[in-house]
Amino acid sequence: MTTKTGRAIFARLMLPVMLLALFAVVSACATQAASPGPQDLEAEAQGIDQSLMCPICPSETIDQSQTEIAEQMRRTVRERLAQGESRDEVLDFFVERYGEGILAAPPKSGFNLLAWLVPPIALLIGGSALALVVRSMRQEHRRSAAAPLPGAAGLEQYLAAVDQDIRGLTADDGGERGKDQQPNG
Amino acid sequence: MADLGYICLLIALALSVYSPVASLAGVRMGSRQLVLSARRAILLAPAALGVSTAGLVGAFVNADFSVSYVAEHSSRAMAPQYIWVAFYAGNEGSLLFIAFALSVLAAIAVRFAPDALRPSMPHIGSVLMLVLLFFLAVMVFLANPFARLEIVPPDGRGINPLLTHPGMFVHPPMLMTGLISFAVPFSIAMGSLLAGRTGDEWVDAGRTWGIISWALLGIGLLLGGWWAYTILGWGGYWAWDPVENAGFMPWLVITAFIHSIMVQKRRGMFRMWNLALVIIAFGFAQFGMFINRGGPVPSVHSFGQSTLGWIFLAFMGGTMLVSFAVFFWRYNSLKSAQTLESALSREAAFLVNNLLFLATAFVTLWGVVYPLISELFQGEIVTVGQPFYNQVNGPIFLLLILLMGVAPFVPWRHAGWASLRRALVMPAAAAAVAIGVLLLIGVYIPWALISYGLCAFVTAGILREWARGAHARHRRGESYPIAFGRLIAANRPRYGGYVVHLAVVLLALGVTGSSFYGIQRDIALSPGESADIGEYTVKYIGASARAFPDRTEATAEVQAFRGDTFLGTYYPRRDFYPSFNIASTLAAIRSTPLEDLYIIPGELLPDERTILRVYVNPLVMWMWVAGPLLVVGVTVALWPQRERSGAYAFSPGGLVAATGRRPEASAG
């Protein structure tokens, strides 16, 4: 790994290896989604527990709460799942009884879609604003780069000295940087 | 005792009025004497508030139930060590604590201010004291901790049982100190702005105090998680509860700040941005205090509920209004020639960091206020809880970890793709290997794989950097330990930052492990019966109950096995407080680096059976290791450094900055 050719080979192999790893992940995940057993039913039930709030305790899901009503609701969840109801059907049952506030997160439909859409939109706007700022700052730089810096000559000398020192300290770094600095290299 | 405390409170109030008036008058009239006396008032305030604090604590010690606050929050049956906790268990006491903490921080900030800040010190001190004035005025006029009862009750009501836990000795004070400490970087920035010092004079002190606030609040939050994990008895450490979020948001903004301030420190850029960030961070800290004092959202942390919340909201609104007015008043002198050489540079990377941290803060804020919006516009009360934050903030966190692995290796000014790729090949390989190994041992959940891959990526990058730096010094003849020590000493902000990044990786390990691979079971057992959970077998031996004046303690005896190996006997406890109708549980936790076995006892059923809730939580221990590591990193980053002594030598970014070369540009 210390030799340059070793590194180059390593670098070249990186992409295929990572792609292969990614493929392995995806296929492994795909095979995971198999038929449901009793174990999966309990996992499903716990997933539902975590999506339902306890109606009498502030900010606790029925999964967390140890009140009687939470326990009762947990039992109801399991009974309904055992009867073959789907996750959504179980959740709907509780929404009908207690209103939408019983859900730990707003449903992704109707007005409540707003809750889910605003964050990515905000991120998008923020990202675009950032891109614009970076662009204008770069343009500023190009404009000012044309003008020479005041006192640039003295600075240049100083920087050359620093450069020299650093090359002495980190010999392998120096080599790499040297390569970068070759014109058209 | 209580009277003396009240008198000192009034003295502190007088000082906090006098100091800003005297220092601003002194500046206007050119009177050094006045400015100096204003400064002394700041240094004196902690003494007055210290006596005040002692007065209230003393009233608790003497069980002086004629003081309403003491009667509300303690009782004769309370264990004496909880007097300290009872002191800040309610609104009035915690306001006194906050005021005291602020006065101490203010005195330290004023006393040890660097020379660069001297011209703006009168203004900085004034802003600090005005913030203090708010708290003191609220106490004196609205929430007096020393208020007397006309009829003295024979015994107090007692302390909220959820607060009787070792974690409560440090978590709330740390969190309160953390939140109020935001006033210091804010005051430094605002004071400099008011004084017309709009350049970079405030940057070093602002950064130092920003990091101190960041660490105080961060540790406060971590301790809160630890407390929730060990006492609240639901096997978790963070619930995205409004009050938790209220503490989390300012922390996110200050995290953005302590990164972007480095750009101003090194390159003199982002002047306005850094000021805006520090103002917003203080705004969020005030918002946090508002939610804490009885905001409009329900929370599990409803300890100090009152109507004071709205006054805090007004305080926040007023501060933000004035701050941004000052900001725009000085707007023209804040403009700096902000030029960016390349979109691939450390400066730009810090901007992306800021974007992501602010996005998380915004998402969190949105989640907190959305129920109000929903109620207003569709008349329906909805809950925004964990599933929302996990799904929206989770991916942003992963992006942040990715950035944490890349950005430190992007040089200032301008980076080349080739050199960046070289720096990242090894970390990427480490990530691939980690993912491969995880797949082999049966970790298939994509989010978990991505998260662990990124953790490996960041860790490998940092270790590579350390190894290379130490190796380069070693070749000059230093032994490896010395080389490593000097490497770190040479650029403390950078290497302290790396240590903190490693702590964040540890947090990510724990969060990912417990979120995706935690197992949970509720099992009803008669004495002598056992049940399996994961690889463990749990055997319930029996329970015993003890009655105390204020509570009954039911202790279960549970044996744990893995296969046939006996792991130990555990005694999870459930305390019931009849006067509060609250049960608190003390989980029994068998913590190992790989996973925690976590047992919570339920109620004893009439037929001798009990319901045990058992969790297996992978990797959680690392989250508590992260705390001390974080402190180490912050200490390194803040350790005073001689100006620029070889600071550039081993940072690839610094190299390019120092030499002023643009490797790739010349190649193009």
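Count the net charge of all other residues whose Cβ sits under 14 Å from the Cβ of B:G235, scoring Lys and Arg as +1 and Asp and Glu as -1. Net charge in that neighbourhood comes out at -3. Rounded to the nearest whole Hz, the Karplus-based 3J(HN,Hα) values (6.51 cos²θ - 1.76 cosθ + 1.60, θ = phi - 60°) of the stretch B:114-119 follow the sequence x, 4, 4, 8, 3, x, with x at glycine and proline.
Look at the dipole of the protein assembly as shown built from charges on Cβ: of B:I441, B:A45, B:G416, the Cα furthest out on the positive end belongs to B:G416.
Calculate the FRET efficiency for B:A14 and B:A314 from the Cβ-Cβ distance with a Förster distance of 22 Å, rounded to the nearest 0.05.
Values: r = 23 Å, r/R0 = 1.06.
Calculated value: 0.40.
Could you put B:V499, B:V433, B:V152, B:V85 in order, starting from the residue whose Cβ has the fewest other Cβ atoms within 10 Å?
Lowest to highest Cβ neighbour count: B:V152, B:V433, B:V499, B:V85.
A simple spin-label model places pseudo-atoms 7 Å from Cα toward Cβ; at B:L376 and B:A531 they are separated by 4.6 nm. Averaging the sequence gap over all C-alpha pairs within less than 8 Å and six or more residues apart, then dividing by the number of residues, gives chain B a relative contact order of 10 percent.
Where the only charges are on Cβ atoms (+1 Lys, Arg; -1 Asp, Glu), what is the dipole of the protein assembly as shown about its Cα centre, to the nearest 20 debye?
Details: 61 positive and 57 negative charges, 898 e Å.
It works out to roughly 4320 debye.
Taking other C-beta atoms within 10 Å as the exposure proxy, B:L502, B:L321, B:L10 rank B:L321, B:L10, B:L502 from fewest upward.
Give me Rg/Rg_expected for the stretch B:519-618, where Rg uses Cα atoms only and Rg_expected = 2.2 N^0.38 Å with N residues.
Details: Rg = 13.6 Å, N = 100, 2.2 N^0.38 = 12.7 Å.
In units of the globular-protein estimate, the stretch B:519-618 measures up at 1.07.
Taking other residues whose beta carbon is less than 11 angstrom from the beta carbon of A:C54, and scoring Lys, Arg as +1 and Asp, Glu as -1, yields -4. Based on alpha carbons, the Rg and Dmax found for the stretch A:91-136 are 17.0, 55 Å. In this Cβ point-charge picture (+1 for Lys and Arg, -1 for Asp and Glu), the stretch B:519-618 has a dipole of about 160 debye about its Cα centre.
Could you compute the FRET efficiency for B:D607 and B:V61, with r as their C-beta to C-beta distance and R0 at 41 Å, rounded to 0.05?
Numbers: r = 46 Å, r/R0 = 1.12.
Computed FRET efficiency for B:D607 and B:V61: 0.35.
Measuring nothing but how far apart in sequence close Cα pairs (under 8 Å, 6+ apart) lie, relative to its length, the stretch A:38-105 scores a relative contact order of 35 percent. Using only the C-alpha atoms, the convex hull of the stretch A:38-105 corresponds to 77 Å³ per residue.
Couplings 3J(HN,Hα) of the stretch B:553-567, computed from phi: 10, 9, 10, 9, 10, 10, 9, 10, 10, 10, x, 9, 7, 7, 9 Hz, in residue order, whole Hz [Karplus 6.51 cos²θ - 1.76 cosθ + 1.60, θ = phi - 60°; x for Gly and Pro]. The average projected area of chain B, computed from the convex hull of its Cα atoms over all directions, is 34.6 nm².
Percent of C-alpha pairs per 5 Å bin in the stretch B:86-157, short distances first: 3, 14, 20, 17, 14, 10, 8, 6, 3, 2, 2, 0.
Post the alpha-carbon centroid distance, the stretch B:535-579 to the stretch B:423-460, in whole angstrom. So the two Cα centres are separated by 39 Å.
Close amide H contacts of B:E603 (hydrogens built in the peptide plane, cut-off under 5 Å, sequence separation of 5 or more or a different chain): B:I611. Mind grabbing the base-10 log of I(q)/I(0) for the stretch B:406-558 at q = 0.12, 0.13, 0.17 Å⁻¹? Debye formula, identical points on the C-alpha positions, no solvent, two decimal places. The Debye formula, applied to the Cα set alone, gives -0.73, -0.79, -1.06. How are the alpha carbon pair distances in the stretch B:54-99 distributed across 10 Å bins from zero to the largest one, expressed in percent? Per 10 Å bin, starting at zero, the Cα-Cα P(r) for the stretch B:54-99 comes out as 31, 62, 7 percent. Remark on B:H414: its backbone amide H falls under 5 Å from those of B:R346, a criterion applied only to residues 5 or more positions apart or on other chains, H modelled at 1.01 Å from N. Assuming a ≥ b ≥ c are the square roots of the Cα gyration tensor eigenvalues, decide whether the protein assembly as shown counts as rounded (a/c under 1.5), prolate (otherwise, with a/b larger than b/c) or oblate. In terms of gyration-tensor shape, oblate.
Neighbours of B:A189, meaning other residues whose beta-carbon lies under 13 angstrom from its beta-carbon, give a summed charge of +1 when Lys and Arg score +1 and Asp and Glu score -1.
Kindly state, to the nearest 0.05, the FRET efficiency for A:R167 paired with A:A145, given R0 = 25 Å and r defined as their beta-carbon distance.
Details: r = 26 Å, r/R0 = 1.04.
The formula returns an efficiency of 0.45 here.
Modelled spin labels at B:V21 and A:S136, positioned 7 Å past Cα toward Cβ, are 4.5 nm from each other.
I need B:W84, B:W227 ordered by Cβ neighbour count within 10 Å, fewest first. The partial results should precede the final answer.
Numbers: B:W84 14, B:W227 20.
Fewest to most other Cβ atoms nearby, the residues stand as B:W84, B:W227.
Magnitude of the charge dipole for chain B, about its Cα centre and with charges confined to Cβ atoms of Lys, Arg (+1) and Asp, Glu (-1), is about 3240 debye.
If you average over every viewing direction, what projected area does the convex hull of the Cα atoms of the stretch B:349-488 give, in nm²? Directional mean of the projected Cα hull area for the stretch B:349-488 stands at 12.5 nm².
Computed from the coordinates by the stated procedures, all read-outs in this text should not be read as laboratory data. Keep in mind it's a predicted model, so treat the numbers as computed, not measured. Neighbour counts run over all protein chains shown; Cβ positions are idealised from the backbone, glycine included.
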